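Notes for the one structure printed next.
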Amino acid sequence: MGTLYYGDVATPIEIEDRALAHVKVVIATKLRRGESFTLSWTHGPGQEVGRSTVWLHPSIPLRFVFDEPEPALLSRAWIEALATSANSSGGLLLVPEPDQPGA
């Protein structure tokens, strides 16, 4: 399970390593462009039922921590799906990985 630390929030955001690797690419791209946006996700197992949203801004410290020492292989289709959501008025939504053709 990976962890996203944002600003001085006491509770880090836990996201599965593979998903976090894809979210990192989209977040880094948008923040590099100086764009602010929201990130939303549903709470995982063992957490209170519900969903959360944070406002991401280039001036707020952000750190990604991965449990796996090796980087995940990235899916272009998943990055594109996440980027499409990030560019919408609803902001970046942690959507499931699209099915791969032939998988």
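The values are calculated or read from the model by the stated rules, or taken from the named source; none is laboratory data. In this text, all values refer to a predicted model and were calculated from it rather than measured experimentally. Cβ sites come from the backbone with ideal geometry, for glycine too, and all protein chains shown count toward neighbours. The area values use the complete protein model at the heavy-atom level, side chains included, leaving out ligands, DNA and RNA. Shrake-Rupley method; radii C 1.70, N 1.55, O 1.52, S 1.80 Å.
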For a paramagnetic label modelled at 7 Å from the Cα of VAL25 toward its Cβ, which residues of the range 54-86 fall within the zone defined by backbone nitrogen distances under 20 Å?
63-86
Candidate residues GLU70, GLU16: accessible-area rank, largest first, probe 1.4 Å:
GLU70, GLU16
Using helices alone, I'd like the mean residue ellipticity at 222 nm for the chain: each DSSP H run of four-plus residues gives -39500 (n - 2.57), total over residue count, nearest 500.
-8500 deg cm²/dmol
Carbon and sulfur atoms: what percent of the 1.4 Å accessible area of the chain do they account for?
55
Can you work out the accessible area per residue across the chain, with the rest of the protein chains kept in place, probe 1.4 Å, in square angstrom?
65
Dipole magnitude of the chain, debye to nearest 20 (Cβ charges: Lys/Arg +1, Asp/Glu -1, about Cα centre)
460
Starting from one equal scatterer on each C-alpha and no solvent at all, send me the Debye-based log10 I(q)/I(0) for the chain at q = 0.11, 0.21 Å⁻¹, two decimals.
-0.32, -1.23
Restricting to the chain, what percent of DSSP beta bridges are antiparallel, rounded to 5?
85
Just subtract the alpha-carbon distance of THR53 and ALA72 from 0.36 nm times their residue separation and send over the number in nm, one decimal.
4.4 nm
Sparse-neighbourhood loop sites, trypsin sites (Lys or Arg not before Pro) in the range 1-68 - DSSP loop, at most 15 other Cβ within 10 angstrom:
ARG33
